[in-house]
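The values are calculated or read from the model by the stated rules, or taken from the named source; none is laboratory data. A quick note: this is a predicted structure, and the numbers were derived from the prediction, not measured. Here Cβ is always computed from backbone atoms with ideal geometry, including for glycine, and neighbour counts include all displayed protein chains. SASA here: full protein model, heavy atoms, side chains in, ligands and nucleic acids out. Shrake-Rupley method; radii C 1.70, N 1.55, O 1.52, S 1.80 Å.
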Amino acid sequence: MTQFERRRRPRRIAKLGLPALLLLPLLSAGGVNAQPPAAPTGTRVETGEINGAPFRIELPDPLPTGGLAGLVIYCHGYQVASTPYRFDLLRGAVIRQLFLKRGFAFAESAYSRQGWAIKEGVEDTEALRRYFVRTYGEVRETYVLGHSMGGVITLATIERYPEAYQGALPMCGPLNASLNGLQERVFDMLATFDALFPGVVGPLTGLAVGAKLEGDRVKAALDAAPERAASYAARYSLAGPGEIPGVLTFFYEINRELQARAGGNPFDNRQTIYDGFGDDLSLNRTIQRVAADPRARDYLRQYHLPTGMIARPVLSLHTIHDPLIPGRYISDYAAITRLTGRQDLFTAKFTAGRGHCAFTPPQMDKAFDELLRWAREGVRPEPGEVR
């Protein structure tokens with residue numbers, strides 16, 4: 001008996017019923033705010049727990065003639081540390097149907113810990129894949145995919161376990177080095193906002209458990225200085241000041257949780273010269289400067305530093321406007337694959353969507369079709385737009 005079997009709770013298997021598939025944009029890594037539908041008829045669901053990580057497996061029932069077409073492993077996005085992940089949201093049902101209708105099984109881990117859970121996500125996803133194989137047998141094809149932070153877990157998984165998968169579909173994820181991407185987008189946005197709108201953000205390190213940035217205070221500061229607010233939004237490629245409160249409150253929580261997880265502050269802006277804010281001299285003189293804790297910096301370097309050493313097809317999907325994750329973070333990974341000589345195994349595609357992970361089901365459907373053809377026939381998708 002393996003460690004996974006010893007720690008797994010008794011599984012629950014049920015047949016569930018089929019709602020109409022709602023073709024609506026997938027708004028965020030956390031899910032659509034709607035009443036969860038019943039699971040589809042003609043499927044069989046198993047739930048349980050492996051090493052403290054809840055999981056959900058769904059299979060077509062009855063199985064297609066000839067057996068399962070394959071297995072899709074899904075990696076979910078960032079979940080606030082104090083909240084449990086839910087499998088029953090509408091967003092999850094929409095995503096699952098894209099693959100179940102093709103005869104694929106669909107498996108997803110909730111991870112044993114929430115927050116910036118790259119370590120847990122990779123380990124728990126691999127434990128679930130192995131459990132599936134032991135329980136249901138080998139399948140002809142296995143693919144890994146995920147949204148947002150789940151895109152990072154997807155990429156880390158395909159780099160680490162290439163022999164287990166035929167391909168990967170990371171969507172709307174920051175695929176560059178986490179240490180660089182999180183400093184530039186999370187930490188620097190908070191630090192520069194604090195310099196331009198003093199008295200709102202407060203300290204950037206040593207944050208207490210439960211510390212929050214109030215969106216109403218951010219909005220009030222923006223309303224009091226509309227020209228400065230518009231300039232700040234433009235500097236960070238936001239659609240306008242209206243996107244700022246939601247982005248900053250979310251980033252504040254990421255910064256707080258990451259420091260708690262890593263055992264200190266992983267960011268260091270003492271050598272950063274900020275520009276593009278108007279009065280850059282004043283900003284650089286007044287901005288909070290902090291040094292990184294070496295242990296925390298090492299943690300974030302480990303989770304995750306992409307290698308570009310891919311051995312299977314990887315197709316990335318991103319919206320043309322994402323307030324949380326700039327499209328250039330995908331371009332950064334493309335550059336890494338060029339350095340390793342693996343550029344022919346990576347293709348970046350975009351959609352006209354505006355928002356974080358704002359893909360329609362047909363767009364994800366088409367992207368997965370292209371990945372399947374690439375893996376099966378060796379036909380690499382052309383970079384460009386998915387309509």
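Taking the stretch 157-175, which residues are open to solvent by less than 10 Å² (accessible area, probe 1.4 Å) and either closer than 17 Å to residue 323 by Cα or not β-branched (Val, Ile, Thr) (or both)?
Here is the first cut: in the stretch 157-175, the residues open to solvent by less than 10 Å² (accessible area, probe 1.4 Å) are 157-158, 165, 167-173, 175.
Once the filter is applied, which keeps residues that are open to solvent by less than 10 Å² (accessible area, probe 1.4 Å) and either closer than 17 Å to residue 323 by Cα or not β-branched (Val, Ile, Thr) (or both), the stretch 157-175 yields 165, 167, 168, 169, 170, 171, 172, 173, 175.
Go over the candidates 360, 337 one by one and state the one that is among the β-branched types (Val, Ile, Thr), farther than 21 Å from residue 181 by Cβ, surrounded by 17 or more Cβ atoms within 10 Å (Cβ to Cβ) and modelled with pLDDT of 95 or more.
360
State all residues of the stretch 40-69 that are on the phi > 0 side of the Ramachandran plot and either open to solvent by 40 Å² or more (accessible area, probe 1.4 Å) or among the basic types (Lys, Arg) (or both); if no residue qualifies, say none.
Across the stretch 40-69, the qualifying residues are 42, 51, 66.
Return yes when residue 32 is at pLDDT below 95, open to solvent by less than 40 Å² (accessible area, probe 1.4 Å) and touching a Lys or Arg at 6+ places or on another chain (Cβ under 8 Å) and no when it is not.
yes
Which of the following residues is touching a residue at least 40 places away in the same chain (Cβ under 8 Å), assigned to a strand (DSSP E or B), of a type in the set (A, V, I, L, M, F, W, C) and closer than 29 Å to residue 163 by Cβ: 300, 315?
After ruling out the rest, the residue left standing is 315.
Do we have residue 81 as surrounded by fewer than 21 Cβ atoms within 10 Å (Cβ to Cβ), among the aliphatic types (A, V, I, L, M) and either closer than 27 Å to residue 259 by Cβ or in contact with a strand residue (DSSP E or B) (Cβ under 7 Å, 6 or more places away or on another chain) (or both) here?
On the way: surrounded by fewer than 21 Cβ atoms within 10 Å (Cβ to Cβ): yes; among the aliphatic types (A, V, I, L, M): yes; either closer than 27 Å to residue 259 by Cβ or in contact with a strand residue (DSSP E or B) (Cβ under 7 Å, 6 or more places away or on another chain) (or both): yes.
When the stated conditions are applied, residue 81 passes them.
Out of all the residues in the stretch 114-127, is one or more open to solvent by less than 10 Å² (accessible area, probe 1.4 Å) and over 30 Å from residue 383 (Cα atoms)?
Yes, there is a match, as at least one residue in the stretch 114-127 is open to solvent by less than 10 Å² (accessible area, probe 1.4 Å) and over 30 Å from residue 383 (Cα atoms).
Suppose the filter is hydroxyl-bearing (Ser, Thr, Tyr), open to solvent by less than 20 Å² (accessible area, probe 1.4 Å) and in a strand (DSSP E or B); does residue 74 pass it?
On the way: hydroxyl-bearing (Ser, Thr, Tyr): yes; open to solvent by less than 20 Å² (accessible area, probe 1.4 Å): yes; in a strand (DSSP E or B): yes.
Yes: the conditions hold for residue 74.
Filter the stretch 236-250 for residues that are out of contact with any helix residue (DSSP H, G or I) (no Cβ under 8 Å at 6 or more places or on another chain) and touching a residue at least 24 places away in the same chain (Cβ under 8 Å); which is surrounded by the fewest Cβ atoms within 10 Å (Cβ to Cβ)?
Step one: of the stretch 236-250, the residues out of contact with any helix residue (DSSP H, G or I) (no Cβ under 8 Å at 6 or more places or on another chain) are 237, 242, 250.
Now restrict to residues that are touching a residue at least 24 places away in the same chain (Cβ under 8 Å): 237, 250.
On the way: 237: 13, 250: 21.
Per the criteria, the residue is 237.
Identify all residues within the stretch 91-105 that are part of a helix (DSSP H, G or I) and more than 20 Å from the chain's Cα centre (by Cα); write none if there are none.
Here is the first cut: in the stretch 91-105, the ones part of a helix (DSSP H, G or I) are 91-100.
Listed by number, the list holds a single entry, 100.
Out of all the residues in the stretch 319-330, is one or more open to solvent by less than 10 Å² (accessible area, probe 1.4 Å), in contact (Cβ under 8 Å) with a residue 24 or more places away in the chain, assigned to a helix (DSSP H, G or I) and among the hydroxyl-bearing types (Ser, Thr, Tyr)?
Within the stretch 319-330, one or more residues are open to solvent by less than 10 Å² (accessible area, probe 1.4 Å), in contact (Cβ under 8 Å) with a residue 24 or more places away in the chain, assigned to a helix (DSSP H, G or I) and among the hydroxyl-bearing types (Ser, Thr, Tyr).
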